[in-house]
Amino acid sequence: MNQLLSRTITAFLATLFFLPSVWAQSDRYVEGGHYELLGEFQPVQTGDKIEVVEMFWYRCPHCYRLEPYLEKWLQNKPENAEYVPIPALLNNSWAFQARAFFTFEALGLTDTLHAKFFDAIHKERRPFNTVDQLAEWAQEYGADPEDIRKTMDSFAVNNKLNFAALMSKKYGITGVPAIIVDGKYRTNVSMAGSHEELFNLIDFLIEKAAAERQS
């Protein structure tokens, strides 16, 4: 009996020791503090994959600083997640940079030009106020400048621009960079606490969204 009682007490003490770590883990990220629930959930573009949208603006220094952390995360992101970049449109002055992104995308040049365009703006301080400036710069990396000029004001890019403006409103974006997970959770670097913690939080929200899809 004494041996059984001893085992029971030992197990009880072990449970008491373990519970705080469980509570701490469950309380690590708090809705309304580290992330927000959208008032109206939005459909995703990624099918069975958990959608991770980044709303960004090429001229935003905070978006530029996020890039290396994002690239590192993309190398090891959860297999059940898919990253979807969308240029935010909070006012008309952001439209040119959004058109540039959708032009790269339409021409299959995102991998070639996306990061370099960020560098050209923030590191090289190059002005991009006209289509010609953009086309001449893109030509330096092998792009056809005429393709850039034609695509910038194409029907496809105009449609994408309208979509970006709509989603900026639907997601309730007030600043960038902003992250939307599975059309329902919104967060950013400030809410997460740091660049590194943002991607831990994104992984948490991916897991949370996946579990909710299964329920």
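Each reported figure results from applying straightforward, stated rules to the coordinates on display, with no laboratory input. All of these numbers come straight from a predicted model, not from anything done at the bench. Neighbour counts are summed over all protein chains in view; Cβ atoms, including those assigned to glycine, are modelled from backbone coordinates with ideal geometry.
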In segment 56-128, the trypsin sites (Lys or Arg not before Pro) that fall in loop regions by DSSP, at most 14 other Cβ within 10 Å:
123, 125
Any chance you could count the Lys pairs in the chain whose alpha carbons are under 23 Å apart, treating pairs 8 or more apart or on different chains as valid?
22
Which one of 159, 188, 91 has the biggest mean-square fluctuation once the chain is modelled by GNM with Cα springs under 10 Å?
91
A correct Karplus calculation of ³J(HN,Hα) over segment 115-120, with 6.51 cos²θ - 1.76 cosθ + 1.60, θ = phi - 60°, whole Hz and x for Gly and Pro, returns 5, 5, 5, 4, 4, 4
Loop-resident sites, segment 74-141, for chymotrypsin sites (Phe, Trp or Tyr not before Pro), counting at most 12 other Cβ within 10 Å (DSSP)
141
Which one, 87, 127, 61, has the greatest fluctuation when you compute a Gaussian network model over the chain with C-alpha springs under 10 angstrom?
127
Diffing segment 151-165: the Karplus 3J(HN,Hα) column from phi (6.51, -1.76, 1.60, θ = phi - 60°), in whole Hz with x for Gly and Pro, holds 6, 4, 10, 7, 4, 5, 5, 4, 5, 5, 5, 4, 4, 4, 5
Could you list which residues have their amide H under 5 Å from that of residue 185, counting only those 5 or more apart in sequence or on another chain, with H placed in the peptide plane?
38
Residue 109 long-range amide H proximity, modeled H, under 5 Å
none
Unit-weight point scatterers at every alpha-carbon of segment 130-200, Debye formula, q = 0.24 1/Å: log10 I(q)/I(0) is -0.93
With the charge dipole of the chain built from beta-carbon charges (+1 for Lys and Arg, -1 for Asp and Glu) about the Cα centre, the Cα from 55, 189, 115 projecting farthest to the positive end belongs to 189
Given unit charges at Cβ for Lys, Arg (+) and Asp, Glu (-), the dipole magnitude of the chain about its Cα centre in debye, nearest 20, is 480 debye
Among 44, 34, 133, which residue has its Cα furthest toward the positive end of the charge dipole of the chain, with +1 on Lys/Arg Cβ and -1 on Asp/Glu Cβ?
34
Would you mind checking which residues have amide H under 5 Å from residue 35's amide H? H placed 1.01 Å from N; only 5 or more apart, or other chain.
30
Okay, helix-only estimate at 222 nm for the chain: each DSSP H run of n ≥ 4 adds -39500 (n - 2.57), divide by all residues, round to 500 deg cm²/dmol; what do you get?
-18000 deg cm²/dmol
Equivalent ellipsoid semi-axes - Cα gyration tensor, segment 71-215, angstrom:
30, 17, 15
A correct Karplus calculation of ³J(HN,Hα) over segment 33-45, with 6.51 cos²θ - 1.76 cosθ + 1.60, θ = phi - 60°, whole Hz and x for Gly and Pro, returns x, 8, 7, 10, 8, 5, x, 9, 5, 10, x, 9, 9
Separation of alpha-carbon centers, segment 28-85 and segment 114-176, rounded to whole Å:
20 Å
Magnitude of the charge dipole, segment 106-215, Cβ model with Lys/Arg +1 and Asp/Glu -1, debye to 20
520 debye
